[in-house]
Structures are given as C-alpha cells and as structure tokens.
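J.: Have a look at the structure that comes next, please.
The values are calculated or read from the model by the stated rules, or taken from the named source; none is laboratory data. Because the structure is predicted, anything quoted here is derived from the model rather than measured. Using ideal geometry, Cβ is built from the backbone for each residue, glycine included, and neighbour counts are taken over all protein chains shown. Surface areas here come from the heavy atoms of the whole protein model, side chains and all, with no ligands, DNA or RNA. Shrake-Rupley method; radii C 1.70, N 1.55, O 1.52, S 1.80 Å.
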Amino acid sequence: MTGCGLDVQPEHPKLGAMRIAVFGARSYDREYLTAANAEGCHELVFLETDLNSTTAQLAAGCGAVCVFVNDRLDAEAICVLAGLGVGLIALRCAGFNNVDLAAAEAHGIPVVRVPAYSPHAVAEFAIGLLLVLDRKIHRAWARMRENNFSLDGLVGRNLHGRVVGVVGTGRIGAIVARILKAGFGCEVLAHDVIESPELSALGVRYVSRDVLLRESGIITLHCPLTPETHHLIDAAALETAREGVVVVNTSRGGLIDTAALIEALKSGKVGGVALDVYEQEDNLFFRDLSDEIVQDDVFQRLLTFPNVIVTGHQAFLTEEALRAIAETTLANISDAEAGRELANQVTSAMVR
Ligand code: NAD
C-alpha cells in the first residue's frame, strides 16, 4: 500500500530505456513524437485522456509520463505516479504551473520541460490576434461569407504610434516587444522582474506594473503563471487601466480574473480582448465539444462580445514548434535514461 492509499507495487523502472505514457495525445503529438522517435529508441504509449489523480493509474508499467499544459499533476496525481514507480515527468511545453513541483521533489521525481521551442510561434500569434481584433478581421470575414460587403462598424485603429505594455519580456515577450517597436513603430512599455538591456537599447521603456497599466492602450501578457502573477489583471488593475484598453493574453488563463474582465467589457472600460488561454480551459480546450452543451457560463458570456476573440490555446501550434517540442522532449527523456544531468529540469526554487 502506498502513501496515497493505492495497492500497487512500485516497479521503479527508472534507469535504461523507459516506456513513456504520453497523456493527452492528439493527432499532431503522435505525428511529431513518432517522427522524432524514428530510430525507435523510446517506447511511446499514446493515451488520449488527460493526466489527473484519477487517470494517473494508466501510467502503470511506464518509467516516465509525458504531459501537456492541461494535465493536472497535483500532489495526489504525483503520489499515484510515485506509487507506480514513475521516475520522470516530461512536460512537452514551457509552462509548469500545472505541476506541484514540491510534491514531485518530495517523491524524488524530476520534472523536465521544453523551455524554448519556438518563441516566435507564440509571439507571432499574439500579434496576429491583436491585428484580427483591432482591425475587426474576424467580423469582416463573417460578413464576407454572407455576401455582406458593408464596411459600417469595421473601423479599426493603426498600431503605429500606440502605447503597448508588454508584461514579461522573456523569450516570447521580447520578440513581441521587438515586433511592436521595430515593426509597427509602437511606443513599447515593459514590465518584468528582470530587465533586458537589449530591449532598453531598442527604445523599450521599463516601467512599474502600475505605470504600465495606467499608460498602455494595449496590454499583452507574456509572464508565467505563478502565485505572484495569478489574477494580475483583476478588477483593481482594470480600474487603473486606460479607458478602452485592449488586453491580449497568450500566456496562461489564470493571469486574468475573467469575471472582472467581463464586467469591464460590459462597462466599456475594456475596449477589446484577444485570448488564446482561459482560466478554466482544462474543461474545454483541445477537445471537440461542438455537439455538447458547454456548462461554463463565464466562458459562454465571453464569447457573446463582438470585441472579444478567443482561440483554444493554439499559439504554439506550428510545424517548427511541434518538431522542436518532440525532439527536446525525447532528448530530455534520453538524458534521464542515461543518468545525465537534466539541463531542462524545473524545480520549486524557480517559482517566485
Ligand atoms: P520566459 O521564462 O522566457 O519569460 C517569462 C518572463 O516573465 C521572464 O522574463 C520573467 O522574468 C518574467 N516574469 C516572471 N515573473 C514576473 C512578474 N511577476 N511580473 C512580470 N514579469 C515576470 O517564458 P516564455 O517562453 O517567454 O513564455 C512566457 C509564457 O508564455 C509561459 O510562461 C507560458 O505560460 C506561455 N506560453 C503559452 C503558449 C501558448 O501556446 N499559448 C506557448 C508557450 C508559452
């Protein structure tokens, strides 16, 4: 009997070639992971179900689990994995907010990730969302399909000269800031706990979070979700923001208090929202629910606004990114199998 009440015998298949349970596997995961494993070095077991405390049992006989953003590796799930003898959690993504790192450490299970697969994929998508929203391209396309060629209501705004606030100027945020500054000629404000001298040299101005909120006409989020950044955009933040502010979030849904955002959309304080992530997305995204009645009233309300566009966490989804994710994930697993240093390990010390 293990500490989590499961009657399983740990096999501890930690060393050597491991069977890998790939949870939440979609068609593109299979395609790119299989291609990266062309030499057959790894035994990949593809599972459609997401990993959580109930489904973790499916990893029985596997030395590693490979997971994505919406697999829920809380203390309970990790306890089950430890009981099964799973010796590695390999994230096929950059963010690791869905893993209880302290619990993994307590069980001696290292967690590895893909820190940088294609920051350009996400940065370009964020800019794409902003352009679609601000130039009302989503509405124009819907009209076109009904032979409605009227331009009434489609007036947009130039990006040139606008003040854009970039929260988080790491790999993705730095590219977004550069595109906005050098490409579009925006005035770019940035907020980060670590400032980039290269961006400052380009004319990006680092300011406090409050100044960024107060002065930006557009705010785009590129920081990780941590206890400190949870609900970074809440009612109080929106209160201080500029009238008609546009909010773009391709980072993590939990950065925004969605109920507060909806209130601010209703009052007109927020002039537009483009989201690729949503707080409760693990109940919705990556699945075809077109025949079902979606029970999330907050999400459904969000979709009713003409000045809101939402995509289902697809900013990463390019051929280049999928190839890089698959290759780095398998390289991380090979390092663990060979007992090499884990260059892409994440630890609880990395969470601020
Ligand atoms: P990164 O680690 O390179 O950059 C994150 C930046 O945020 C760092 O510069 C860090 O100092 C900064 N930061 C940390 N705490 C902060 C705080 N409290 N306030 C302001 N800045 C803070 O990460 P990245 O590769 O640029 O990715 C950014 C985020 O994008 C990830 O955390 C992930 O959640 C998200 N992401 C989304 C997708 C998608 O498909 N939508 C894909 C990849 C990554």
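J.: Could you list which residues have their amide H under 5 Å from that of MET18, counting only those 5 or more apart in sequence or on another chain, with H placed in the peptide plane?
T.: Placed amide hydrogens put GLU43 under 5 Å from MET18.
J.: Sticking with this structure for a sec: Contour minus end-to-end for GLU31 and ILE293, with contour as 0.36 nm per residue of separation and end-to-end as the Cα-Cα distance? List each step's numbers first, then the result.
T.: Details: separation 262, 0.36 × 262 = 94.32 nm, distance 3.05 nm.
The GLU31-ILE293 span can extend by a further 91.3 nm.
J.: In whole percent, how big is the carbon plus sulfur part of the accessible area of the chain, probe 1.4 Å, protein atoms only?
T.: Details: 8400 of 16330 Å².
Answer for the chain: carbon and sulfur cover 51 percent of the accessible area.
J.: If you don't mind, another one. Could you tell me the accessible area of ILE172 in Å² (1.4 Å probe, neighbours in place), rounded to the nearest ten?
T.: The accessible area comes out at roughly 50 Å².
J.: Determine the equivalent ellipsoid of segment 50-196 by diagonalising the alpha-carbon gyration tensor, then write out the semi-axes as square roots of 5 times the eigenvalues, largest first, rounded to whole Å.
T.: Each semi-axis is √(5λ); the values are 42, 22, 11 Å.
J.: Can you list residues whose amide H is under 5 Å from VAL245's amide H, if they're 5+ apart or on another chain and H is modeled 1.01 Å from N?
T.: Under 5 Å from the amide H of VAL245: GLY271.
J.: Based on the alpha-carbon gyration tensor of segment 246-352, what equivalent-ellipsoid semi-axes (square roots of 5 times the eigenvalues) come out, in whole Å, largest first? The partial results should precede the final answer.
T.: Numbers: eigenvalues 242, 58, 34 Å².
With the √(5λ) rule applied to segment 246-352, the semi-axes are 35, 17, 13 Å.
J.: Give the long-range amide H neighbours of ASN52: residues separated by 5 or more places, or on another chain, with amide H under 5 Å away, using H modelled in the peptide plane at 1.01 Å from N.
T.: Excluding prolines and chain starts, which carry no amide H, the hits are ARG72.
J.: To the nearest 20 Debye, how big is the dipole of segment 42-106 about its Cα centre, given +1 on the beta carbon of each Lys and Arg and -1 on that of each Asp and Glu?
T.: For segment 42-106, the charge dipole is close to 100 debye.
J.: In segment 186-269, which GluC sites (Glu not before Pro) fall in coil by DSSP and have 10 or fewer other Cβ atoms within 10 Å?
T.: GLU243
J.: Further question: Using the eigenvalues of the Cα gyration tensor, what equivalent ellipsoid semi-axes result for segment 114-253 when each is taken as the square root of five times the eigenvalue, whole Å, largest first?
T.: 27, 17, 16
J.: If you don't mind, there's one more thing I want to ask. Kindly write out, for segment 325-336 in residue order, the coupling ³J(HN,Hα) from the Karplus curve 6.51 cos²θ - 1.76 cosθ + 1.60 (θ = phi - 60°), rounded to whole Hz, with x marking Gly and Pro.
T.: Whole-Hz 3J(HN,Hα) from phi for segment 325-336: 4, 4, 5, 5, 4, 5, 5, 4, 5, 4, 4, 5.
J.: Explain nothing, just compute: Karplus ³J(HN,Hα) = 6.51 cos²θ - 1.76 cosθ + 1.60, θ = phi - 60°, for every residue of segment 289-304 in order, whole Hz, x for Gly and Pro.
T.: Ordered by residue, 3J(HN,Hα) equals 10, 5, 9, 10, 8, 6, 8, 7, 5, 5, 5, 4, 5, 4, 6, 7 Hz.
J.: Right, another one. Would you calculate a helix-derived [θ] at 222 nm for the chain, using -39,500 (n - 2.57) for each DSSP H run of n ≥ 4 and dividing by the full residue count, to the nearest 500?
T.: One gets -9000 deg cm²/dmol as the mean residue ellipticity at 222 nm.
J.: In addition: Could you report the accessible area of TYR28 in Å², rounded to 10, computed with a 1.4 Å probe on the protein chains as they sit in the structure?
T.: Accessible area of TYR28: about 50 Å².
J.: Hey, could you get me the Stokes-Einstein D for the chain, Kirkwood radius over alpha-carbon pairs, 4 °C and 1.567 mPa s, rounded to whole µm² s⁻¹? Kindly include the intermediate steps, with their values, before the conclusion.
T.: Values: Rh = 21.6 Å.
Rounded, D is 60 µm²/s.
J.: Follow-up. In nm, give the distance between the simple-model label positions of ALA349 and ASP74, each being 7 Å from the Cα along the Cα-to-Cβ direction.
T.: 2.8
J.: Which trypsin sites (Lys or Arg not before Pro) in segment 39-146 sit in a loop by DSSP (not H, G, I, E or B) and have at most 14 other Cβ atoms within 10 Å of their own Cβ?
T.: Here the sparse-neighbourhood loop sites are ARG145.
J.: Further, regarding this structure: How high is the FRET efficiency between GLU320 and GLU263 when r is their beta carbon distance and R₀ equals 30 Å, given to the nearest 0.05?
T.: 0.20
J.: May I pose another question? What accessible area per residue, rounded to a whole number of Å², is obtained for the chain using a probe radius of 1.4 Å?
T.: Heavy-atom SASA per residue in the chain reads 46 Å².
J.: On to the next question. What are the GluC sites (Glu not before Pro) within segment 65-151 that DSSP puts in a loop, where the Cβ has at most 13 other Cβ atoms within 10 Å?
T.: Taking segment 65-151 and a limit of 13 other Cβ atoms within 10 Å, the loop GluC sites (Glu not before Pro) found are GLU146.
J.: In addition: With θ set to phi - 60°, apply the Karplus curve 6.51 cos²θ - 1.76 cosθ + 1.60 along segment 113-122 and write out the HN-Hα couplings as whole Hz, x wherever there is a Gly or Pro.
T.: Computed from phi, the couplings for segment 113-122 are 9, 10, x, 9, 9, 7, x, 5, 4, 6 Hz.
J.: On full extension of the chain, what length is gained from SER208 through ALA38, given 0.36 nm per residue of separation minus the C-alpha to C-alpha distance?
T.: 56.4 nm
J.: With all protein chains present and a 1.4 Å probe, how do CYS62, CYS41 order by accessible area, largest first?
T.: Putting CYS62, CYS41 in descending order of accessible area: CYS41, CYS62.
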